[in-house]
Amino acid sequence: MAKMRMNQAISAALADEMRADPDVVMFGEDVAVAGGPFKTSDGLLAEFGPSRVRDTPISEMGFLGAAVGAASTGLRPVVEIMFIEFLGVALDQLATEAAKFHYLSGGKLTVPLTVRASTGAGLGFGTQHSQTLEGWLIGTPGLKVAVASGPQTGYGLLRAAIQDDNPVVVLEPRVRYSTRAEVNVGDDAVIPLGVAARVADGNDVTIVGLGGTVLTALDAAGRAQGWSADVIDLQTVYPWDRATVLESVQRTGRVVTVEENPFGGGWGTDITSVVGAELFGRLAAPPLRITAPDVPVPYGKHLEARYVPDAEYVTAQIDHLVSHGELPPHWWDDGEVGQ
Amino acid sequence: MTSEAIARREQVRTDRVARYERMVEIRALEDRVQELFAEGLVHGTTHTAQGQEAVAVGVAAAARATDSVTCTYRGHGVALALGLTPLDVIGEIMGRTVGSIGGVGGSMHLCEPAVGLLPTFAIVGAGIPVAAGAALTAQVRGTDTAAVAVFGDGSSNIGAFHEGLNLAAIWSLPVVFVCENNQYGEYSRINLTTPITDLADRATSYGMPSQIVDGQDPDAVHAATEKALDHARAGSGPTLLEMKTYRYAGHSRADTAPYRPEGEFEDWYDNRDPINGFRARLEAEGTLTPEQVDAIGHEVAARIEAAVTDAEASPRAGIETMFANIVAPATEGT
Ligand SMILES: Cc1ncc(C[n+]2csc(CCOP(=O)(O)OP(=O)(O)O)c2C)c(N)n1
Ligand SMILES: [Mg+2]
């Protein structure tokens, strides 16, 4: 156990995997000499040297493609995409090449590639540097997508990703890099991919969070009056853990997803459609998705704070769901905004 | 404000003293913006361009208001040079409705189509092919407008640079690619990421002319850009201009640039400062007097302070702005 910020937990996970396996290499923009723009690879160059820890030019397509080639011929590369938006210029290599190699080699090749990227709003970086964008990735068979919610999952999911023989994306909510907590390190702390964690127990509602919204969901559950909630940290969003979610909703009768993304196309559609279909007739209320509105991420503290669902709003939405048995309106439906 | 931007645009196009003044304004605004962030009055991040004023002003002097310009997140200087007012820029950075796009964009997102400025790009390289596309409009419509892409040295390593230049070359598009080689991409010195010293050499692969330009000299930037624009308007295709320049500040707000070799900044600042150099030349020519220099300094300082005061007095972008301008309204009859 050691107290660490999430960025330090990520550095620790990288170091542990690099110590365990000389085939693990890492590269990205300013990750080596500077230790990463978010200090997520601090000290790695000094410990592992310039052959295994490399700075790259601003060439995401080039270095992600190189990682695909290296991964399919023996190395286990970890690449950093500083902001998830920059994956846009390299998406082919991940979604259309890396994710298909095992299939297109008749199972002869594996691509043990890890892509890390920072995501999300909250730091005032503006429209082109604040999205979550897991929606670009989910629904791509061959790819796994995990999202860290804090230091412990930042450590455990990353180690699992590096050990996995498939391309895995680990998304890291930028606002959490500075979150400090006690972190278990070591092999026991590896968090298997595809498995969700129940992080709070209750009776009346199952709240599913992902990445940055897990803390929001926990906060919201802590404020609850008249109801209590199971809170599930989804951890891996593709493929996601149906068993854990369905088991919980079977008991509580209500499911709520808390998402940082816009309403349209969010990961919660997948969860709520499966829950709604599987538990049809056994739910006490319709599945509820709490999301951001269908707008680009705005700049300005107060706008950004409004964009991302906060705990107070989540609690109020669930209050309505529990007491009325029907969906509450979204905050942007109130008629004062929207046109 | 659009009308003011158009007037300010014209000043820089026609008057060298106005170009000097605009460079002083850019420096003062960038210094003030850094203070605003340091004081915690603005959240998020910012990328300032002290040291690169001559590139912005020289390009703006050469391009017409009808030409399209793309530039980057390090765009306050280019925006001011093109005519945006200090209030347009500071208001945007402070998230106020008086800002360039109403305060929803922040430091990295400025725009003013009336003076040719397309939305500034926060994704490295993205503006390069977009400028080629603006040039395509001119070519297809047969107008004599052109386009300019302003981007950094680090951006010449991304695919968009190579694809954009190649496309512009084979289609002979009227576009000028202006690379601000300030020696650094983020925290990495150019020699660590790029195997050549002169990025102008990259033009050879795309069969287009290129020129290395002293990016600290606004007259040189103006002359080279004008020549390239004439070439483009004549239907002879694109040019790559490499402006040798230097970024005085760190990459962004939080960066103190510890990676710079000792003495490098001082050397550029003491010996190649674009504002000092241009002032000395204008004074030697008799175009500018020391009294005028003082007066300009005071006027500019007052203008920047007024912009900060006016921005602070302007309302913050309201919640309703989150829902505005997401999709264009349907045109009549569709
Ligand atoms: C596709 C992409 N990758 C990485 C970044 C992060 N980033 C922003 S600016 C920058 C450095 C750009 O250097 P250069 O092109 O030389 O421009 P300068 O900042 O020096 O003006 C980097 C790596 C980005 N915005 N977009
Ligand atoms: Mg640069």
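Of the numbered conditions (1) in contact with a Cys (Cβ under 7 Å, 6 or more places away or on another chain); (2) without any contact (Cβ under 8 Å) to a residue 40 or more places away in the chain, residue B:78 satisfies every one except a single condition; which is it?
So the condition that residue B:78 fails would be (2).
Mind checking which residues of the range A:261-290 are within 14 Å of chain B (Cβ to nearest Cβ) and either over 23 Å from residue A:221 (Cα atoms) or buried (at least 18 other Cβ atoms within 10 Å of the Cβ) (or both)?
A:262, A:264
What number of residues in the range A:95-152 are within 14 Å of chain B (Cβ to nearest Cβ) and part of a loop (DSSP other than H, G, I, E, B)?
Selection size over the range A:95-152: 10.
Hey, could you check the range B:285-324 for residues that are in contact (Cβ under 8 Å) with a residue 40 or more places away in the chain, not in a helix (DSSP H, G or I) and not small (Gly, Ala, Ser) and say which is farthest from the other protein chains (Cβ to nearest Cβ)?
B:287
Of the residues B:46, B:66, only one is surrounded by fewer than 19 Cβ atoms within 10 Å (Cβ to Cβ) and part of a loop (DSSP other than H, G, I, E, B); which?
B:66
Check B:201, B:219 and return the single one that is closer than 15 Å to residue B:55 by Cβ and surrounded by fewer than 19 Cβ atoms within 10 Å (Cβ to Cβ).
None of the others qualify; the one that does is B:219.
Checking residue A:73 against (1) within 14 Å of chain B (Cβ to nearest Cβ); (2) in a loop (DSSP other than H, G, I, E, B), which test does it fail?
All conditions pass for residue A:73, except number (1).
Return the only residue of B:260, B:253 being in a loop (DSSP other than H, G, I, E, B), modelled with pLDDT under 95 and within 14 Å of chain A (Cβ to nearest Cβ).
Going through B:260, B:253 in turn, the sole match is B:253.
Looking at the range A:292-334, which of its residues are small (Gly, Ala, Ser) and either in contact with a Lys or Arg (Cβ under 7 Å, 6 or more places away or on another chain) or on the phi > 0 side of the Ramachandran plot (or both)?
So the first thing to find is which residues in the range A:292-334 are small (Gly, Ala, Ser), and the list is A:292, A:300, A:305, A:311, A:316, A:323, A:325.
Scanning the range A:292-334 gives A:300, A:311, A:325.
Can you find a residue that is among the small types (Gly, Ala, Ser) and in contact (Cβ under 8 Å) with a residue 12 or more places away in the chain anywhere in the range B:13-27?
No; the residues of the range B:13-27 include none that is among the small types (Gly, Ala, Ser) and in contact (Cβ under 8 Å) with a residue 12 or more places away in the chain.
Anything in the range B:103-115 that is more than 7 Å from every other protein chain (Cβ to nearest Cβ) and within 12 Å of the chain's Cα centre (by Cα)? List them, or say none. Let's see the steps before the verdict.
Going residue by residue through the range B:103-115, those that are more than 7 Å from every other protein chain (Cβ to nearest Cβ) are B:107, B:110-115.
Matches in the range B:103-115: B:110, B:111.
With closer than 26 Å to residue B:188 by Cα and modelled with pLDDT of 95 or more as the only criterion, which of A:73, A:56 stands out?
A:56
Given the residues B:126, B:132, B:122, which is the only one that is touching a residue at least 60 places away in the same chain (Cβ under 8 Å), at negative phi and among the small types (Gly, Ala, Ser)? Break it down into steps so the answer makes sense when it comes.
Details: B:126 fails: touching a residue at least 60 places away in the same chain (Cβ under 8 Å); B:122 fails: touching a residue at least 60 places away in the same chain (Cβ under 8 Å).
Answer to the check: B:132.
Taking the condition touching a residue at least 24 places away in the same chain (Cβ under 8 Å), crowded, with 23+ Cβ neighbours inside 10 Å, more than 16 Å from ligand 2 (Cβ to nearest atom) and at positive phi, does residue B:106 pass?
So residue B:106 passes the test.
Would the range B:64-86 turn up any residue that is at the interface with chain A (Cβ under 10 Å from one of its Cβ atoms) and touching an Asp or Glu at 6+ places or on another chain (Cβ under 9 Å)?
Within the range B:64-86, none of the residues are at the interface with chain A (Cβ under 10 Å from one of its Cβ atoms) and touching an Asp or Glu at 6+ places or on another chain (Cβ under 9 Å).
In this structure, is residue A:312 under 30 Å from residue B:42 (Cα atoms) and crowded, with 22+ Cβ neighbours inside 10 Å?
Against the criterion (under 30 Å from residue B:42 (Cα atoms) and crowded, with 22+ Cβ neighbours inside 10 Å), residue A:312 does not qualify.
Considering only the range B:120-210, give the helices (runs of 4 or more DSSP H) lying wholly within it that have at least 1 residues that are of a type in the set (Ser, Thr, Tyr), within 14 Å of chain A (Cβ to nearest Cβ) and more than 8 Å from ligand 1 (Cβ to nearest atom).
B:190-193
Would you pick out the residues in the range B:158-184 that are within 15 Å of ligand 2 (Cβ to nearest atom) and free of Cβ contacts under 8 Å to residues at least 60 places away in the same chain?
Correct list: B:158, B:161.
The values are calculated or read from the model by the stated rules, or taken from the named source; none is laboratory data. Just so we're clear, the structure is a prediction, and the values are computed from it rather than from any experiment. Methodologically, a virtual Cβ is constructed for each residue, glycine included, from the backbone with ideal geometry; neighbour enumeration extends over all protein chains shown.
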